[in-house]
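The structure under discussion appears below in the form of structure tokens.
The values are calculated or read from the model by the stated rules, or taken from the named source; none is laboratory data. Fair warning: this is a prediction, and the values are worked out from it, not measured in the lab. Cβ placement follows ideal geometry from the backbone for every residue including glycine, while neighbour counts extend to all protein chains displayed. Note: accessible area is taken over every heavy atom of the protein model, side chains too, but ligands, DNA and RNA are not part of it. Shrake-Rupley method; radii C 1.70, N 1.55, O 1.52, S 1.80 Å.
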Amino acid sequence: MTGMQTAPIGPSDAVPRRDILTLVALTGAAIGVAGYAWPLIDFMNPSKDVLALASVEVPLEAISPGMGITVVWRGKPIFVRHRTDAEIQQARNTPLDQLSDPQDDRARVQPGHEQWIVVVGICTHLGCIPLGNKPSEMRGNLGGWFCPCHGSQFDTSGRIRVPPAPSNLPIPPYTFESDTKIRIG
Amino acid sequence: MTSGLAGWVDTRLPIVTLMRKEFGTFPVPKNFNYFWNFGAISMLLMVVMISTGVVLAMDYMPNAAEAFGSVQHIMRDVNYGWLVRYLHQNGASMFFIATYIHTFRGIYYGSYKSPRELLWILGVVTLLIMMSTAFMGYVLPWGQMSYWGATVITNMFAAIPFVGDAVVTWLWGGFGVDSPTLSRFYSLHYLLPFVLVAVVLLHITAIHKVGSNNPLGIDVRSPQDTLPFHPYYTIKDCFGLCVYLALFAVLVFFAPDLFGDPTNFIPANPLQTPADIQPEWYFLPFYAILRAVPNKLGGVALMFGAMAILLALPWLDTSPVRSARFRPIYRPLFFVWLASIVLLGAVGAHKPEGIWVILGRIGTIYYFGHLLVVMPILGRFERPLPLPDSISRPVITRNALPRGASVAEIRP
């Protein structure tokens, strides 16, 4: 009986203590479940071997001015295009206020390699691959790329000029390893 | 009772009421010991096995050319692949440990006796499904032990008279264990766990109809004999789970290959059988029974019979008393029977030569003798100890009280 008297469990005391125990138990369980779930979720992220193939090297010697090639990087088409002087001038001379996603051409190429434009070849509208990387394909009124799905047009800098695409073709991360070779990724 | 969104749902689909009735206020005998934790533990392990398995299936390649490599890919390249695979591989062992304890608890306390015969049979069925799933899962990594395990087990069906060879060719989908065998095992390995879930749900439905047995093996006589499932047994199950999961974690993080066979790190080679071939630990007693009989069909029949006979247990045991606590002769013999199974396990892990052959036969004879001879006869002659009047009485009068407390405090 003495044990009962020294630690009385009255209604005023019992309820909050039970609440705290419940809260602590449920919090512990939630942390446990989250800790268990995270490896199962992260399992589905790209694995090390996929990440290891995350960069490609592209030799540029064979691409003459006006030509472009398509390389696959991380499963996506990358347009590498050798621009003519006229195409560079056209991109440079376009006033920024004519662009719906304003960006200077100098910000989209690498200094000293202005003839090379490298963009991810996926239309920013709904993911089709625009035409125009080969000279024989339709390039649209601006001489860049033309998307056959919904008619978006990109200029020679890969900037969006005719909607519905909302933004410019993105530039993948790449570096010049030499004047005739780039490394994408 | 229930308001808000839960109430709105409950008046249309009474899941809240159902959960409250079956897992909240559900009356359960108040004298459970920790052996009663292993049903809940098994269920949680089932969830672990299915959740890790579903994810592993995303990176596993079920064909002979790529299977071994894809498992290495999971172990080395995939994020947390090593963890998920080790959880799955060791989870199988932990699942079997929990389920075996659950099964032997049921046998010791007579949980299979009327009115729980169907509950028991459903339990044996879940064990059979688990065993088939585990066997097929062990084949998937396509190592030497996987391959030769699959070869040996499938060849057992060749012992069937007349149609044996045709059955084995049908099982293989070819003239030996090969890619078609592997991909069908993979398909079934993915399917059977969901069949298992369904049978477990039936198992739970049955126990909520007939009520739980208890360590005394006597029926619940009044509400004083029971406690509501929540919070008393939810807490007790959670505590048991935490301890068990801690052991699981020790296994996964510190000894992940303890139960594995090093031979399985060698890719499958159809032209060379490993020098030592043995199944996973949970099949060793059955493997020993298979080898104890110097006859192909006889060995296979006894091995499958060792599981099938458990289905008849409610009718083999003729004693009206459930708990072995009150059966002075049966109780020690139960432990002898348990020892014969452990012995068979040891025999299964050794080469069948010398003393192990004789021990295997002794173990096999007692395993079946206990079930087919001792149990039916003993029930008729054994005089049980006096049974308590009710669950409450021994709980209150025996040493179950906290130190220093008296009976008067506890009585409502």
Gaussian network model of chain A, Cα within-10 Å springs - most flexible of A:P164, A:P130, A:P111: A:P111
statement: Relative contact order as a percentage, the stretch B:279-381, C-alpha pairs under 8 Å and 6+ apart, gives 42
message: Per residue, how much accessible surface does chain B expose to a 1.4 Å probe? Answer in Å², no decimals.
response: 50
- request: Take the alpha-carbon positions of the protein assembly as shown, form their convex hull, and give its projected area averaged over all directions (one quarter of the hull surface) in nm².
  value: 41.9
message: Under the 0.36 nm per residue contour assumption, what length would be gained going from the current alpha-carbon distance of B:V210 and B:D389 to full extension?
response: 62.4 nm
field: Lys/Arg +1, Asp/Glu -1 at C-beta; chain A dipole; positive extreme among A:F154, A:A62, A:I20
entry: A:I20
- line: In the protein assembly as shown, taking the dipole from +1 charges on Lys and Arg beta carbons and -1 charges on Asp and Glu beta carbons about the Cα centre, the listed residue (B:F253, B:L13, B:L385) farthest towards the positive end is B:L385
- prompt: In the protein assembly as shown, carbon and sulfur make up what percent of the accessible area (probe 1.4 Å)?
  reply: 68
- prompt: What does the charge count near B:S146 come to, summing +1 for each Lys or Arg and -1 for each Asp or Glu among other residues with Cβ under 12 Å from its Cβ?
  reply: -2
- prompt: Seen from all sides and averaged, what is the projected area of the convex hull of the Cα atoms in chain A, in nm²?
  reply: 19.4
- line: Residues whose modelled amide H sits under 5 Å from the amide H of A:L131, counting only those 5 or more places away in sequence or on another chain, are A:F146, A:C147
task: Starting from the Cα-Cα distance between A:A29 and A:A107, subtract it from 0.36 nm times their residue separation and give me the gain in nm to one decimal.
output: 23.0 nm
message: Do any residues of the stretch B:76-108 show a loss of at least 50 square angstrom of accessible area between the isolated chain and the full protein assembly, using a 1.4 Å probe, and if so which?
response: B:D77, B:N79, B:Y80
statement: Cα-Cα pairs in the stretch B:121-277 separated by more than 24 Å, as a whole percent of all pairs, come to 56
task: First select every other residue whose beta carbon is under 15 angstrom from the beta carbon of B:V168; then total the charges, Lys and Arg +1, Asp and Glu -1.
output: 0
- prompt: For the stretch B:279-381, what value does the Rg/Rh ratio take when both radii are computed over Cα atoms and Rh is the Kirkwood radius, given to two decimals?
  reply: 1.01
field: Using alpha-carbon coordinates, inclination of helix A:11-42 to the longest axis of chain A, degrees
entry: 30
statement: For chain B, using Cα atoms only, the Rg and Dmax in Å read 23.7, 75
query: Helices from chain B with mean Kyte-Doolittle at least 0.0 and a Cα length along the axis of 20 Å or more, per DSSP H: which?
result: B:38-56, B:81-108, B:117-139, B:179-210, B:229-254, B:296-311, B:330-348, B:355-369
Solvent-accessible ranking of A:E61, A:E177, B:E280, B:E117, largest area first, probe 1.4 Å: A:E61, A:E177, B:E117, B:E280
query: So how much slack lies between B:R380 and B:W315, counting 0.36 nm per residue of separation and subtracting their Cα-Cα distance, in nm?
result: 22.1 nm
- prompt: Given a 1.4 Å probe, how much area per residue of the stretch A:45-185 is accessible, in Å²?
  reply: 49
A versus B: buried accessible surface, summed, Å² (probe 1.4 Å, to nearest 100): 1400
task: Report the relative contact order of chain B, percent, no decimals, based on alpha-carbon pairs under 8 angstrom and at least 6 residues apart.
output: 22
field: Simple Cβ-charge dipole of the stretch B:279-381, Lys/Arg +1 and Asp/Glu -1, about Cα centre, in debye nearest 20
entry: 240
- request: Would you grab the residues whose amide H sits under 5 Å from the one on A:Y174? Only those 5+ places off in sequence or on another chain, please, with H modelled 1.01 Å from N.
  value: A:G185
Karplus-derived HN-Hα couplings along the stretch B:256-271 (A = 6.51, B = -1.76, C = 1.60, θ = phi - 60°), whole Hz, x at Gly and Pro: x, 9, 4, 8, x, 10, x, 4, 7, 7, 9, x, 3, 10, x, 9
message: Could you compute how much accessible surface B:Y190 exposes when probed at 1.4 Å, giving the result in Å² to the nearest 10?
response: 90
Mean residue ellipticity (222 nm) of chain B, computed from DSSP H runs ≥ 4 via -39,500 (n - 2.57), nearest 500: -20000 deg cm²/dmol
